[in-house]
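The values are calculated or read from the model by the stated rules, or taken from the named source; none is laboratory data. Nothing here was measured: the structure is a model prediction, and the numbers come from that model. All Cβ positions, glycine included, derive from the backbone under ideal geometry; neighbour counts span all protein chains shown. The area values use the complete protein model at the heavy-atom level, side chains included, leaving out ligands, DNA and RNA. Shrake-Rupley method; radii C 1.70, N 1.55, O 1.52, S 1.80 Å.
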Amino acid sequence: MKRHRLTGIFLVSLLLFSPNIFAEKIKKANLPKSYASKASSADITDTDRIFIDLREAAKKNDVFRAQQLAASLSGYPYDDYVAYFRIKPELFDSAGAARADTSADAQVNGFLRQYEGSALADRMRNDWLLVLGKRKDWTSFDSEYAKFVLDDDTQVKCYALQSKLAQGENPTKLAVDSRAILLNPSYFGQACQELVPALVAAGGMSLSEAKAIGRAASEMGFDTMSRRIGGDDPIADVVKSAKADPVKAFKDFSQNGSRYSKENQAVAWGVIGQFLAKKLDAKADDAYRLQQDLGYNELLSAETQEWKVRAGLRAKDWTLVKNAIEGMNPVVRSRDPAWAYWYGRALKVDGQDAKARESYELIADQYNFYGQLAREELGRPNHPPARTKVSEQDIDAMANRNGFIRGDRFYAMNLRFEGNREWNWELRNMTDKQLLAAAEYAKRIGLYDRVVNTADRTKQEHDFNLRYPTPYRDELSPIARQIDLNLAWAYGLIRQESRFIISASSSVGASGLMQIMPNTAKYVAKKIGMTNYTNDKLSNTNTNLTLGSNYLNMVLLDLDGSWVLASAAYNAGPSRSKQWREKLTSPTEGAIFAETIPFAETRTYVKNVLSNANYYSSVIQEQTQSLKQRLGVISPKAATQSELP
């Protein structure tokens, strides 16, 4: 999905961090000298710039350039990164595929020995496991895999199962294990494409299951991958038709579907249902009901299973909602608290109040969108937990943590990805109090995205003033007050858009705290009489907040005061928000509208913004508010043209 105007926090890891602005923030905060950043733009040397060029060469897997630059960095303080950036291009080709024929074995093993236990060693081990897996060197693979700390690479997991299969482990059990891995074809790579046919050949997985996994790839447009995994699919033409025109696919399959087997009819109706649901077409409920009558839920892709629930919600078909969730892959069902909440709602409609409460209880201790809604269903308030305070001594200790020191230096060099890696690695195995001390330390040196990221990790002891910080309040409060904009909502949106990184920029050109597109900024500036505005002023904090807040207020007024519709509009554009409302056939609660937004990014965005806003109400105003009331009810209305960009 191409973003309409603005881009959210999902791109923050790709952002560059301006050292000039960082230094300015430190100065403005009037921080104690002990907390001042150890790095600034003035510290960036010619050698640092060579190091940055080396990083770019490594990203491109340019072996010659990487070796040339690394040779000129003898004695550079971050020798582990110099070595990693030099070795890494030898492990992958220009397309990013692992090279089984690399001759860098000795270099990699030496690196792993020298830097064992570091964040970068774990990154190197991840890379090396991809090479070993491609070689089918299972002895070496197993030895290294046992030391892989993060274990967050789908391809590596698929190679691990290949290794077990090659060593004679039960293929049926391995096929069961694979179901927790083979959910998103975007991450399959070569390893997972090899695993599925191997499990079929070993008798652990049926051909129908393999075709189902391949079909999931085809639904996402990976047709070559689909054939490699499951071979020719009998309903490949139906999948293609459903993606292109699901209404026509529904009509055509209604006429000729009987020539397919019962199994293929079921999965075809599921695929048609998915793409109708994404169009918010009422026939999605009909397609999924036909699939439900035929069965074979286990052969539906994760995406098709999830949209089956959403189709039921949109149609207020609680029987379909209940059956869809009960038929989900357990891994799909457990990875998103949405399904526990909606299952509870479906049980309640069915008169099973006690079981509904059990479902709500599964997520009632979570501080996310659905955790809040579950607590409301249980009759509990949504106020933040008691605040845990940490000592100055604990905060001071964080300034000496090696990962934070290294991270600070990388941020100063605009290497945010590396800075986050070092910071997050340092957080491993911390207690809740240590995490809060680290978050407070990040606050004192002006790294507000690290404040949020770190405070978000606590399990039992919390500080929501850190989890939901309010920097730039002196600038934002008067702006919001002047236009009567809800301050908690504005903060909820900024937290999601930029994580308070003042120099945040997106791949489509949005920038600043409120991630404003240049054309939108010009439009708003003209509307509010900011006659001297030019796009170079968008980086100014006050200007960015003024234009973003005014645009947010314009969108809210244009959409009848609905925070759900306005949040969706800020992310995907007012016209889309209006089109989605136009598809409603009756008044619909805001939570259902949010869950059935067709764009995954916008759907997540809206839920996060409004969940954030509810907590910000408590932090700013010390008032507990009902999330359900904030979401409201959205009524059908014919789409109208809007002059808003």
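Select from the stretch 434-467 those trypsin sites (Lys or Arg not before Pro) which occupy a DSSP coil region and have at most 13 other Cβ atoms within 10 Å, ordered by residue number.
K459
Along the three principal axes, how long is the stretch 158-286 when you take its alpha carbons, biggest first, rounded to the nearest angstrom?
49, 27, 23
Estimate the FRET efficiency between M220 and R457 by the formula 1/(1 + (r/R0)^6), using the beta-carbon distance for r and 25 Å for R0, to the nearest 0.05.
According to the calculation, E is roughly 0.20.
Would you mind listing how long the stretch 535-645 runs along its three principal axes, going by Cα atoms, in whole Å with the largest first?
Extents along the principal axes, in whole Å: 44, 37, 24.
To the nearest µm²/s, what D does Stokes-Einstein give for the stretch 434-550 at 25 °C and 0.890 mPa s, using the Kirkwood radius over alpha carbon pairs as Rh?
After rounding, the answer is 164 µm²/s.
Can you pull the Rg over Rh of the stretch 330-480, Cα-only, Kirkwood?
Using Cα coordinates only, the ratio equals 1.09.
Remind me, what semi-axes does the stretch 596-642 give for its equivalent ellipsoid, largest first in whole Å, using sqrt of 5 times each Cα gyration tensor eigenvalue?
Gyration-tensor ellipsoid for the stretch 596-642: 25, 14, 10 Å.
For an R0 of 22 angstrom, estimate the FRET efficiency from the Cβ-Cβ distance between N540 and F417 and round to the nearest 0.05.
0.25
Please sort through the DSSP H helices of the chain and keep those with an alpha-carbon extent of at least 30 Å along the long axis and a Kyte-Doolittle average not below -0.5.
Membrane-span-like by this criterion, though nothing is claimed about a membrane: 600-621.
Tell me the volume per residue, in Å³, of the convex hull enclosing the alpha carbons of the stretch 559-624.
Here the figure is 90 Å³ per residue.
Relative to the present Cα-Cα distance, how much length would full extension add between Q393 and S140 at 0.36 nm per residue of separation?
Gain on extension, Q393 to S140, equals 86.6 nm.
Roughly how many Å² of K164 are accessible to a 1.4 Å probe, to the nearest 10?
K164 exposes around 80 Å² with every protein chain in place.
With every protein chain left in place, what is the accessible area of T534 in Å² (1.4 Å probe, nearest 10)?
60 Å²
Ignoring solvent entirely, what values of log10 I(q)/I(0) come out of the Debye formula for the stretch 69-145 at 0.26 Å⁻¹ when each Cα is a single scatterer?
Values, matching the q order: -1.32.
Report D53's accessible area, 1.4 Å probe, all protein chains in place, as a number in Å² to the nearest 10.
For D53, the solvent-accessible surface is approximately 70 Å².
Give the cross-link partners of K240 among the aspartates and glutamates, using a straight C-alpha distance below 19 Å as the criterion and excluding same-chain residues fewer than 8 apart.
Filter leaves E219, D223, D232, D252, E263, D281, E303.
Please give me, ordered by residue number, the trypsin sites (Lys or Arg not before Pro) of the stretch 351-409 that lie in loop per DSSP and have at most 14 other Cβ atoms within 10 Å.
Within the stretch 351-409, the qualifying trypsin sites (Lys or Arg not before Pro) (loop, at most 14 other Cβ atoms within 10 Å) are K389.
If amide hydrogens are placed 1.01 Å from N in the peptide plane, which non-local residues have theirs closer than 5 Å to the one on V633?
Residues meeting the criterion, in which the H sits 1.01 Å from N, are G590.
How large a share of the accessible area of the stretch 358-500, in percent, is made up of carbon and sulfur atoms when the probe is 1.4 Å and the other protein chains stay in place?
Here it works out to 42 percent.
Per 10 Å bin from zero, what fraction in whole % of the C-alpha pairs of the stretch 36-175 is there, up to the bin with the longest pair?
Whole-percent P(r) values from 0 Å outward: 11, 36, 30, 15, 5, 2, 0.
Considering the zone a paramagnetic label at A600 would reach in this model (a point 7 Å from Cα along the Cα-to-Cβ line), which residues of the stretch 163-198 have amide N under 20 Å from it?
Under cut-off, by backbone N: 178-193.
Could you calculate the FRET efficiency of S186 with T531 from 1/(1 + (r/R0)^6), where r is the beta carbon distance between them and R0 is 35 Å, rounded to 0.05?
Taking R0 as 35 Å, the efficiency between S186 and T531 is 0.15.
Tell me the GluC sites (Glu not before Pro) within the stretch 546-645 that lie in a loop according to DSSP and have at most 10 other beta-carbon atoms within 10 Å.
Passing sites in the stretch 546-645 are E622, E643.
Along the charge dipole of the chain, pointing to its positive end and built from +1/-1 on Cβ of Lys, Arg, Asp and Glu, which listed residue (L129, T319, S334) has its Cα farthest out?
T319
Expressed as a fraction of 2.2 N^0.38 Å, the rule-of-thumb size for a compact globular protein of N residues, what is the C-alpha radius of gyration of the stretch 281-388?
Against the compact-globule rule of thumb, the ratio is 1.14.
For n ≥ 4 DSSP H runs only, could you compute -39500 (n - 2.57) per run for the chain, divide by its residues and tell me the 222 nm figure to the nearest 500?
For the chain, the value works out to -18500 deg cm²/dmol.
Would you kindly state how much longer the chain becomes between S72 and R481 on full extension, computed as 0.36 nm times their sequence separation minus their alpha carbon distance, in nm to one decimal?
Answer, rounded to one decimal: 141.7 nm.
At a temperature of 20 °C and a viscosity of 1.002 mPa s, determine how fast the stretch 545-588 diffuses translationally according to Stokes-Einstein, using the Kirkwood radius over alpha-carbon pairs as Rh; express D in µm²/s, rounded to the nearest whole number.
Once the numbers are plugged in, D ends up at 202 µm²/s.
With +1 assigned to the C-beta of every Lys and Arg and -1 to the C-beta of every Asp and Glu, and no other charges, what is the dipole magnitude of the stretch 99-246 about the Cα centre in debye, to the nearest 20?
100 debye
Can you give the alpha-carbon Rg of the chain over 2.2 N^0.38 Å, where N counts its residues?
Compactness ratio reported: 1.02.
Could you calculate, for the stretch 132-199, the ratio of the Cα radius of gyration to the Kirkwood radius, expressed as Rg to Rh?
Rg/Rh for the stretch 132-199 comes to 0.92.
Taking the alpha-carbon set of the stretch 208-248, what are its Rg and Dmax in Å?
Reported Rg and Dmax, both Å: 9.7, 29.
Sorted from largest down, what three extents in whole angstroms do the Cα atoms of the stretch 478-599 have along their principal axes?
Principal extents (Cα only, largest first): 46, 29, 24 Å.
If I take every Cα pair under 8 Å that is 6 or more residues apart in the chain, average their sequence separation and divide by the length, what percent do I get for the relative contact order?
Once divided by the residue count of the chain, the mean separation gives 14 percent.
Note down the magnitude of the dipole of the chain about its Cα centre, charges +1 on Lys and Arg C-beta and -1 on Asp and Glu C-beta and zero elsewhere, to the nearest 20 debye.
With Lys and Arg at +1 and Asp and Glu at -1, about 1220 debye.
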